[in-house]
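The values are calculated or read from the model by the stated rules, or taken from the named source; none is laboratory data. Bear in mind that the values here come from a model prediction, so they are computed numbers and not experimental data. Cβ sites come from the backbone with ideal geometry, for glycine too, and all protein chains shown count toward neighbours. Protein only, heavy atoms only, side chains kept; ligands, DNA and RNA dropped before computing areas. Shrake-Rupley method; radii C 1.70, N 1.55, O 1.52, S 1.80 Å.
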Amino acid sequence: RSANVSHEVINVTLHTTLAATTKLVVPTPAKPILPVQTGVQAQQEEQSSGMTIFFSLLVIAICIILVHLLIKYRLHFLPESVAVVSLGILMGALIKIIEAQKLANWKEEEMFRPNMFFLLLLPPIIFESGYSLHKGNFFQNIGSITLFSVFGTAISAFIVGGGIYFLGQADVIYKLNMTDSFAFGSLISAVDPVATIAIFNALNVDPVLNMLVFGESILNDAVSIVLTNTAEGLTRENMSDVSEWQTFLQALGYFLKMFFGSAALGTLTGLISALISFFNFDDTHHIDLRKTPSLEFGMMIIFAYLPYGLAEGISLSGIMAILFSGIVMSHYTHHNLSPVTQILMQQTLRTVAFMCETCVFAFLGLSIFSFPHKFEMSFVIWCIVLVLFGRAVNIFPLSYLLNFFRDHKITPKMMFIMWFSGLRGAIPYALSLHLGLEPIEKRQLIGTTTIIIVLFTILLLGGGTMPLIRLIDIEDSKARKRNKKDINLSKTEKMGNTIESEHLSELTEEEYEAQYIKRQDLKGFMWFDAKYLNPFFTRRLTQEDLHHGRIQMKTLTNKWYEEVRQGPSGSEDDEQELL
């Protein structure tokens, strides 16, 4: 009997333990499978997607012709982004007239789809920006750039978002809650000084100023997206039972996870690509892709997009990951590639990024007539004031703070240009369409206000940058002597006529040691990179490697020349010039 009692006690104990364990261990919910459309629905979606692709490619083709005409007729004073946006506005007006006459209905095709922007258009733009950085100036100013892009963007987002929230509570403007106000402040803090950078390059302004504006805009885009996603995450969750301090800590933790996790993922992916390309040099390994540039180029394209897909798949920021991957691949991986692949990477990325930027700016102009608007004058005016004020609070105090630690000081003129060059571009527009705000009039108000601010900064501030630079006399002394007719703001013409020597300069062991290792002026990360990282992830070329690269380029040149000679015969002068 005692044995039976003991057996029952053990059964009750086990049952109680299993029940408690079952309550503690919550089963992971199955990942929902998206419904797959079949039959008529699938055919209709395929037709709609096909027309959207056709319309987008048609818009890009028209914009390419426009850019060609700007170059042909030497309209170099007009930035291409401004011209493409203006063309988009004219195309939108024409489509509106056609629809009013009931000749066609292109409402679905001309609508800008945020998913297409974030999955297809934005990754090449961000990766090419990181890949094309002038690494010397970037790493020398990495501290200043990080401070402006991270803390400065957060300051601007809080000022704009807080101003909108409190003005709404005072019934001065349209009322938004705290998370929606912060989401709008975050998205509108993304700067895109495309026109300003073109003017900087044309006038040869201080390279430090150029890098500060350009480097800040690259990191700033990723930071703005992460901040906006943070605000969206707080909107989706039920925060009614959570205190304001807990909400702030939760938002800060989410931002740090997204920022540093995505940056680490992108950096790791770039370093792995560097190691793989490093092994290409060794004939004893089976992975030797340098002898087949097409396969080597394909591998690099895979690594270019790989961190974006992985980061988005594990709920990190794909934009932040692909940015850091581009910087690391440009700094290490690129110098391990064959000369042919280097040129292919540089020109292909530039071409794809140009097409993506052109498409976005064209659709930005089209949105004037295709987007359902809700316009409130007071909201727009106060938002513009807060954007300019937030940019000023970002630039001026941080610049004065950085001057205590910088050898090359940021002058008041440079500060003013940095403040004035805070143009808004495609990313705020796409983020405004991506916000899931309710009711629908709130989304329309945010979208309309964003479009107006973007157009205001591009057309007015972007158009006034060159007169302002000449007025405050910040351009280089050599550029000051040029005639105004020599100023060239065409990014495409410069992109097609030049190949960056930094991306094609290969050093032998002796040259690298003389140029970097023995230099006494290297400090901080620059010294650590030259001493340890660069020698580990990149291989210095031997004379045999250089000889093989020259033979490879000469073979391709001779092959191209033979194909040219087999074409239509030209004059002897043309042939002699070609030789």
Could you check how many percent of all C-alpha pairs in the range 114-190 are farther apart than 17 Å? 63 percent
Placed amide H near Arg424: partners under 5 Å, 5+ positions off or other chain: Asp192, Thr457, Ile458
Shape of the range 66-182 from its Cα gyration tensor (a ≥ b ≥ c, root eigenvalues): rounded if a/c is under 1.5, otherwise prolate when a/b > b/c, or oblate? oblate
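Run the accessible area of the range 258-410 with a 1.4 Å probe and give the carbon-and-sulfur part as a rounded percent.
Numbers: 4710 of 6130 Å².
That share works out to 77 percent.
Per residue, what accessible area does the range 312-430 have, given a 1.4 Å probe and all protein chains present, in Å²? Could you put the intermediate results ahead of the total?
Details: 4000 Å² over 119 residues.
Here the residues of the range 312-430 average 34 Å² of exposed surface.
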Taking a virtual spin label 7 Å from the Cα of Lys175 along the C-beta vector, which residues in the range 346-389 bring their backbone nitrogen under 17 Å of it? 379
Would you please classify the overall shape of the range 308-463 from the alpha carbon gyration tensor, given that a ≥ b ≥ c denote the square roots of the eigenvalues, rounded means a/c under 1.5, and beyond that prolate means a/b larger than b/c while oblate covers the rest? oblate
